[in-house]
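Participant: A single structure is presented below for examination.
Rule-based calculations on the coordinates, nothing more; no lab input. Everything numeric in this text was worked out from a predicted model, so none of it was measured. Cβ sites come from the backbone with ideal geometry, for glycine too, and all protein chains shown count toward neighbours.
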Amino acid sequence: MDLRPFETDNSVSCRLSSQIPDVCQTEDCCLGIDEAGRGPVLGPMVYGICFCPVSKKQELKESKVADSKTLSEAERENLFQKLDEAKSYLGWALQILSPNTISTSMLQRTKYNLNALSHDTAIGLIQYALDSGVQLTEVFVDTVGPAEKYEEKLSKLFPGIKVTVRPKADSLFPVVSAASICAKVARDRVVKGWNFAEDLGEVDVDYGSGYPNDPKTKAWLLKYLDPVFGFPQFVRFSWSTAQTLIDNKGVTVHWDDDDEDGEKAAQRQNNRSMLAYFSSSAGGNDQNPTHRFFTERRLKSLDRL
């Protein structure tokens, strides 16, 4: 699994895939879909598909694939290696949704929640398999939201394909278990090797499970919270945990408008205006390092022209 296309720019989403086995373009095939990393406040969410000929279902079952959440990291890696070696009849594809993509999607002006993003990603992966020539006749999906409605939605979009949507599908159908393993292995590798675009020095990687209720995760978020610019792109800033920390620990800023003098209005609220922030380092006395927002744009404060 070559993650370099995503690691080159982990602020955007990326699709990775294996080669399409020739047999999948000539025989009826089944496909499973699952995700990894839906709940964490840190790192990407990864959607995975796995597909193989219907005639190979039993062979896939005998490989002892299982729900990735029930396996250790070493077991998942070992099983992924076996899946990847079965390239003569089995293929996979992944959509890595960056934290930045997730948060900007959820906070855009037109409401676009995580369920809708998940549905669209799954639909895109099914369409990718079809466009690649995979002869799909069966699709199995781990549900997001009400299973019956999701199944009906997918059946209408892909007529002629038998769609089965179930809760815990990753423990019911081996082809979904295989997709779960692919997605989880990819997420684990991405998180472990995350390339921080921000200049954070030697980053503390002891951030716990990444879930919002984990004390280690909360401590890590607090440690790397910039009071003005927020969190590194490793963080899903749309999660309530991140938003609460920004509200409580971030610098309160008064935005100037046309109706009143910004600096005086800010002072009345015991606050700082945006102008004050930009002018604070003009004399060169600011001890804080310049944020990359400015260095990337070659911006600096001036006290005279």
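Participant: Report the calculated FRET efficiency for residue 219 and residue 298 (r = Cβ-Cβ distance, R0 = 41 Å), to the nearest 0.05.
Facilitator: Efficiency computed from Cβ-Cβ geometry: 0.75.
Participant: In whole Hz, what ³J(HN,Hα) sequence does the stretch 114-125 give by Karplus (6.51, -1.76, 1.60; θ = phi - 60°), x for Gly and Pro?
Facilitator: Result, ordered by residue: 5, 5, 5, 4, 5, 4, 5, 5, 4, 4, x, 6 Hz.
Participant: Tabulate in residue order the Karplus-calculated ³J(HN,Hα) for the stretch 73-79, using 6.51 cos²θ - 1.76 cosθ + 1.60 with θ = phi - 60°, rounded to whole Hz; enter x for Gly and Pro.
Facilitator: My calculation for the stretch 73-79 gives 4, 5, 5, 5, 4, 5, 5 Hz in order.
Participant: Please give the length that would be gained between residue 147 and residue 85 if that part of the chain were fully extended, namely 0.36 nm times their separation in residues minus their C-alpha to C-alpha distance (nm, one decimal). The partial results should precede the final answer.
Facilitator: Working: separation 62, 0.36 × 62 = 22.32 nm, distance 3.26 nm.
Here the segment from residue 147 to residue 85 would lengthen by 19.1 nm.
Participant: Next question, about the same structure. What residues qualify as long-range amide H neighbours of residue 45, i.e. H under 5 Å apart, gap of 5 or more or another chain, H built at 1.01 Å from N?
Facilitator: Placed amide hydrogens put 97 under 5 Å from residue 45.
Participant: How about the stretch 74-146: which trypsin sites (Lys or Arg not before Pro) there are in a DSSP loop, with at most 10 other Cβ atoms within 10 Å of their Cβ?
Facilitator: Passing sites in the stretch 74-146 are 109, 111.
Participant: Which length gain, in nm to one decimal place, applies between residue 244 and residue 197 when the Cα-Cα distance is subtracted from 0.36 nm times their residue separation?
Facilitator: Extra length from residue 244 to residue 197 when fully extended: 14.6 nm.
Participant: A follow-up question, please. Provide the per-residue ³J(HN,Hα) series for the stretch 2-14, in order, calculated from phi with Karplus coefficients 6.51, -1.76, 1.60 and θ = phi - 60°, each as a whole number of Hz, with x at glycine and proline positions.
Facilitator: Once rounded to whole Hz, the list reads 8, 8, 4, x, 7, 5, 4, 8, 7, 8, 10, 7, 8.
Participant: Next question, about the same structure. How many nm is it between the label spots at residue 128 and residue 70, if each spot is 7 Å from the Cα in line with the beta carbon?
Facilitator: Here the answer is 2.7 nm between the modelled labels.
Participant: Then there's this: Enumerate the residues in the stretch 78-118 having an amide nitrogen under 15 Å from the point lying 7 Å beyond the Cα of residue 19 toward its Cβ.
Facilitator: 84-92
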